[in-house]
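**Student:** Here it is, the structure, as structure tokens.
The values are calculated or read from the model by the stated rules, or taken from the named source; none is laboratory data. Remember, predicted model here, so these are calculated numbers, not experimental data. Backbone-built Cβ (ideal geometry, glycine too); neighbour counts: all protein chains shown. Side chains included, ligands, DNA and RNA excluded: accessible areas come from the protein's heavy atoms. Shrake-Rupley method; radii C 1.70, N 1.55, O 1.52, S 1.80 Å.
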Amino acid sequence: MNYSYKTDAIGSYNTDILVVGLWADDEPKVKITALPEALNKDLSAELKRRGFSGREADTAMLPLLGRGKIKHIFFAGLGEKKKFHDTSLRSFAARVVKQANGIKAKDVVLDTGIVSIMKKTPEAAQYLAEGFELASYHFTGFRKHTRKDEEKKKTLTEVIISIKTAKQQKELQQGVEVGKIYARGTALARDLVNTPAMDMHPGEMAGVAQALAVRGSGITCKVRGQEEMQGLGMHASIAVAAGSRHEAKFIHLTYKPKPGKGTVKKIVLVGKAVTFDAGGLNLKPENGITDMKIDMAGGASVLGVFKSLAELRPNVEVHGLLIAVENMPGGHAYRPGDVVSAMDGTTIEVENTDAEGRITLADALAYASQKIKPDYMIDLATLTGAVIIALGNEITGMLGTSPEIKKALNKASKQAGENIWELPMYSHYRDLLKSKIADVKNVGGRPAGIITAAQFLEKFIHDTPWAHLDIAGPAYAEKEFKPEIQVGGTGWGVRMLLNYLRNLK
Ligand code: BES
Ligand code: ZN
Ligand code: ZN
């Protein structure tokens with residue numbers, strides 16, 4: 001998307017759409033000074049006739065049919081003034097994109113009123129740009145070229161922002177740039193999730209990670225194959241990968257800020273990266289297996305974060321750990337009843353080969369706590385079906401040991417519009433993971449499945465302050481539950497984690 005800033009945008013350009021925001025508090029009255037009075041009156045009457053009330057979801061696209069240079073006016077409800085936050089600009093902009101694409105518009109002009117409603121937070125323009133960018137995302141990786149170009153031709157590419165003074169432009173531009181960077185990271189995560197598992201296998205994910213470590217980015221990447229993982233003692237993850245023809249990969253990305261800015265916090269982000277979860281020998285049933293290319297969404301979001309870090313350069317050290325595996329029921333597959341040992345020597349009785357994510361996370365969390373020793377550690381994982389039952393498709397479950405991280409994640413999630421809800425690490429349930437022959441079992445039964453999954457992970461954090469995000473619900477959208485997402489991978493968590501990292505002091 002291209003952004004330009006103009007003091008004389010309205011009325012003087014041949015634009016496809018002029019966007020006007022209207023409050024629910026006021027009668028919908030149209031007062032566009034660049035248009036003749038009679039036209040303003042007619043538009044007001046038409047809005048009234050349609051019952052447009054200015055509520056947040058209210059929209060009206062009115063064609064001007066030659067009565068001026070503007071082709072359409074898009075009226076978007078802003079809701080009530082006192083309920084309006086700058087974050088509302090994200091879905092506002094996203095609605096504009098969806099409507100614009102619906103009528104094959106190429107450019108929009110934002111009315112001056114839109115800049116004036118921004119509550120002067122530095123992030124306002126960022127949220128606006130996030131909305132434009134996120135809603136414009138299309139996964140066209142598997143379209144024929146001609147079809148791809150055709151689709152591009154019919155989508156919004158130009159946003160013209162009406163401003164009153166040149167100073168406003170400077171303030172807006174910075175935020176818009178950040179919004180674009182956030183969206184690029186999110187788009188990478190979405191692309192990786194949307195790519196079929198036959199193409200997005202562990203080796204491919206490692207390649208994507210390595211490509212992020214370009215010179216001058218502040219990022220380095222080390223990929224270890226199974227032999228080296230064996231040397232580190234990551235037998236648990238290797239067992240999960242055994243049924244697949246794809247070798248497991250241990251991916252370690254490091255972002256370091258430019259030196260000399262004082263001591264910085266060290267953060268580890270772990271992402272579940274099961275490139276396809278067939279369930280292993282506990283094979284998933286037909287309706288459970290279909291979308292399982294998405295089981296690397298946590299890892300994809302961590303890669304998305306790194307893509308954006310290279311451009312944002314915050315003053316914090318970040319490590320990204322992904323153990324990429326494919327969970328398949330091949331002849332060499334690990335079996336129910338097997339006992340495998342994680343990197344820290346903890347032995348795990350495999351009760352169900354479909355609870356594989358936590359086994360790979362065990363190795364990654366143990367590696368982080370023993371070798372990296374971070375200040376804080378966060379993992380993102382499409383870990384349980386149970387979290388979808390409990391919280392649905394729009395909310396991530398959060399559990400953990402660090403009130404500090406959880407508080408900071410709550411703030412970051414509000415800024416990002418990515419919802420999280422905390423669940424308890426209820427101590428009695430730890431008993432459900434007791435094994436008769438090993439240190440721990442990999443499942444604790446169906447009841448409280450989200451909690452026992454987190455308590456399994458807790459065994460491997462070795463007192464490192466930690467929070468776990470079970471993103472199985474919102475990582476993938478079966479329908480567009482918000483204007484800023486599309487069906488498919490959502491890139492959930494990229495923007496929230498970027499906020500978290502940039503908020504750290
Ligand atoms: N990858 C799944 C969880 C999942 C389910 C993610 C649906 C996204 C959508 C995970 O590996 C899994 O299979 N979990 C099992 C655990 C059970 C065997 C204890 C589950 O939730 O059924
Ligand atoms: Zn599974
Ligand atoms: Zn899984």
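**Student:** If the convex hull of the alpha-carbon atoms of segment 183-503 is projected onto planes in all directions, what is the mean projected area in square nanometres?
**Tutor:** Taking a quarter of the hull surface, the average projection is 14.7 nm².
**Student:** State the answer as a single residue: which of Met234, Ala362, Asn14 lies farthest towards the positive end of the charge dipole of the chain, with beta carbon charges of +1 for Lys and Arg and -1 for Asp and Glu, about the Cα centre.
**Tutor:** The Cα lying farthest towards the positive end belongs to Asn14.
**Student:** May I ask you to give the percent of accessible area on the chain that is carbon plus sulfur, with a probe radius of 1.4 Å?
**Tutor:** Answer for the chain: carbon and sulfur cover 51 percent of the accessible area.
**Student:** Would you mind checking the tilt of helix 449-458 against the longest principal axis of the Cα atoms of the chain, expressed as 0 to 90 degrees and rounded to 10?
**Tutor:** Approximately 60 degrees, to the nearest ten.
**Student:** Here's something else I'd like to know. Which of Leu497, Met425, Thr396 sits closest to the plus end of the dipole of segment 366-505, meaning its Cα is farthest towards the positive end, when Lys and Arg get +1 and Asp and Glu get -1 on the C-beta?
**Tutor:** Towards the positive end, the residue furthest out is Met425.
**Student:** Amide H neighbours of Thr275 under 5 Å, at least 5 residues apart or on other chains, H built in the peptide plane: list them.
**Tutor:** Under 5 Å from the amide H of Thr275: Val325, Glu326, Asn327.
**Student:** Quick one: what Rg and Dmax do you get for segment 298-352 from the alpha carbons, in Å?
**Tutor:** Looking at segment 298-352, its Cα Rg and Dmax stand at 17.1, 48 Å.
**Student:** For segment 245-389, which semi-axes, largest first and in whole Å, follow from the square roots of 5 times the eigenvalues of its Cα gyration tensor?
**Tutor:** 31, 17, 12
**Student:** Using a 1.4 Å probe, what is the accessible area per residue for the chain, in Å²?
**Tutor:** Spelled out: the 1.4 Å probe surface of the chain, per residue, equals 43 Å².
**Student:** For segment 183-503, give the magnitude of the charge dipole about the Cα centre (Cβ charges: +1 Lys/Arg, -1 Asp/Glu; no others), in debye to the nearest 20.
**Tutor:** In debye, rounded to 20, segment 183-503 gives about 1160.
**Student:** Could I have the simple spin-label model distance between Trp421 and Lys69, label points 7 Å from Cα toward Cβ, reported in nm to one decimal?
**Tutor:** 5.1
**Student:** Can you tell me the dipole magnitude for segment 2-164 around its Cα centre, using point charges on the Cβ only (Lys, Arg +1; Asp, Glu -1), in Debye to the nearest 20?
**Tutor:** Here segment 2-164 has a charge dipole of around 380 debye.
**Student:** I need the P(r) histogram for segment 373-433: all alpha carbon pairs, bin width 5 Å from 0 out to the longest distance, whole percents.
**Tutor:** Going from the shortest bin to the longest, the percentages are 4, 14, 23, 26, 21, 9, 3, 0.
**Student:** Could you go through segment 282-299 in sequence order and give the Karplus-derived ³J(HN,Hα) for each residue, using 6.51 cos²θ - 1.76 cosθ + 1.60 with θ = phi - 60°, rounded to whole Hz, and x for Gly and Pro?
**Tutor:** After applying 6.51 cos²θ - 1.76 cosθ + 1.60, I find 7, 4, 6, x, 3, 6, x, 9, 3, 9, 6, 5, 7, 6, 10, 4, x, x Hz.
**Student:** Can you work out ³J(HN,Hα) from phi for every residue in segment 224-239, in order, using Karplus 6.51 cos²θ - 1.76 cosθ + 1.60 and θ = phi - 60°, giving whole Hz and x for Gly and Pro?
**Tutor:** The phi angles translate into 10, x, 5, 4, 5, 4, 4, x, 7, x, 7, 5, 5, 5, 4, 4 Hz.
**Student:** At 37 °C and 0.692 mPa s, what whole-number value in µm²/s does Stokes-Einstein give for the translational diffusion of segment 2-164, with Rh from the Kirkwood sum over Cα pairs?
**Tutor:** 202
**Student:** Which one, Ala24, Val108, Phe139, projects farthest toward the positive side of the charge dipole computed for segment 2-164 from Cβ point charges (K/R +1, D/E -1)?
**Tutor:** Among Ala24, Val108, Phe139, the one farthest towards the positive end of the dipole of segment 2-164 is Phe139.
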